[in-house]
Amino acid sequence: MKIIFQVDGGIGKCIAANGVLKAVKAQYPDDELIVVSGYPEAFLCNDIIAENLRFSELQYFWQRHIQGQEFRVMAHNPYLETAFIKGDTHLIKVWCEMFGVQYNGEQPELFLTNREYNFFGNQFASQKPILLLQTSGGAKEQPNKYSWTRDMPRATAQKIVDAFANDYHVVHIRREDQLPLQNTTPVHADFRALFVLIAISAKRLFIDSFAQHAAAALSKPSVVCFIDQTVATQFGYDIHTNIIAHPPTKKPELKHAYLSKYNITGTPTEFPYSDESEIYNAEQIIELLKNDPKKEEAIIIKQTPKQSTKTKPKKKLQKA
């Protein structure tokens, strides 16, 4: 039987889908996986996938995979599932259970060839160890170039960069339309090249965007910033040190909130702070990047007010 697995969404969601596909293949080992997505580069070299197609490459799909054949379609959106909207279950688990697939803790995985490592690794070679940042996310056509619900405030990110610029080659994953940082090398490249860059970097600081999914899939522990605990639970990984923003200091206007508390684009009326400096504590993030904590379980670090930075941030262990 053929399983037609469709992924609607960005590259990060496609990377996470590799964990779902592992669970699907474990439950249906003899079935043929046909993956349809907007980012087939996330599924390259994955041996459990029989055919890896882009939405624009579906010529004669009906004749080849549907007409007169045994098949099942897995194409629903997990973001609309009750378990996901409640905010206490990880995306991969929700995705599996939505299709009646047993979830056994499967995690995403990316598959890179030695030639990719050699070719792209040479392009990113540096005399200093690489500190890799992703501080902005979202689609190129989005109206707001900065989204407070996802992106790291520019001043906070710059303070972190300045703390490491002497000892590290600070590389900043960003498009030309995203906010720049001083003392960094901006990079916008093919996603496969960026996967290699993530793999060879010495330290990593990310927001909830594709790079943190890729780092988890490549088993590269990173520091990842989330706007609240719910988002970290839905999208975070145990391998990372997941930082939760300061609690809100103002009551947000949530008149237009529908199936999530905040709009991912960063609606101004929903902003629950006086200004961006209240979201994250740069000094705490700097210390975490310096210390590289070793973990046996997920670490969720809830940011404390700036006046508390003389003490070591408390770590809350959250079992997967």
Pairwise over distinct Cα atoms, reciprocal of the mean inverse distance: report the Kirkwood radius of the stretch 149-265 in Å, one decimal place.
15.6 Å
log10 I(q)/I(0), Debye, Cα-only the stretch 2-98, no solvent, q = 0.15 Å⁻¹?
-0.58
If a/c stays under 1.5 just call it rounded; otherwise compare a/b with b/c (prolate if a/b is bigger, oblate if not). Do that for the stretch 61-127, with a ≥ b ≥ c from the square roots of the Cα gyration tensor eigenvalues.
oblate
Can you tell me the convex hull volume per residue for the stretch 45-171, based on C-alpha atoms, in Å³ to the nearest whole number?
222 Å³
Just the number, please: percent antiparallel of the DSSP beta bridges in the chain, rounded to the nearest 5.
10 percent
Fewest first, what order do Leu259, Leu133 take by the number of other Cβ atoms within 10 Å?
Leu259, Leu133
Which whole-number percent is the relative contact order of the stretch 1-97 (Cα, under 8 Å, 6+ apart)?
36 percent
Taking only Cα atoms and a 10 Å spring cutoff, compute GNM fluctuations for the chain and point out the largest among Ala257, Ala215, Ala23.
Ala257
Please rank Tyr168, Tyr258, Tyr280, fewest neighbouring Cβ atoms within 10 Å first, as an exposure proxy.
Tyr258, Tyr168, Tyr280
Would you be so kind as to identify all helices of the chain, as entire DSSP H runs, whose Cα atoms reach 24 Å or more along the helix's own axis and whose mean Kyte-Doolittle hydropathy is at least -1.0?
11-27
Is it possible to state the helix-based mean residue ellipticity at 222 nm for the chain, with each DSSP H run of 4+ residues giving -39500 (n - 2.57), the sum divided by total residues, to the nearest 500 deg cm²/dmol? What is it?
-8000 deg cm²/dmol
For Val187, Val223, ascending order of other Cβ atoms within 10 Å (fewest first) is Val187, Val223
Show the residues, 5+ positions off or on another chain, whose built amide H is closer than 5 Å to the amide H of Asp208.
Cys225
Ignoring solvent entirely, what values of log10 I(q)/I(0) come out of the Debye formula for the chain at 0.07, 0.09, 0.11 Å⁻¹ when each Cα is a single scatterer?
-0.29, -0.48, -0.72
Over the stretch 97-241, relative contact order from alpha-carbon pairs under 8 Å, at least 6 apart, %
28 percent
Those GluC sites (Glu not before Pro) in the stretch 2-76 that DSSP places in a loop and that have at most 10 other beta carbons within 10 Å
Glu70
Length-normalised contact order of the chain, Cα under 8 Å, at least 6 apart, in percent, tallies to 16 percent
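Every number in this text was worked out from the coordinates using simple rules, so none of it is lab data. Since this is a predicted model, take the numbers as computed values, not measurements. For neighbour counting, all protein chains shown are included, and Cβ atoms are generated from backbone atoms with ideal geometry for every residue, glycine included.
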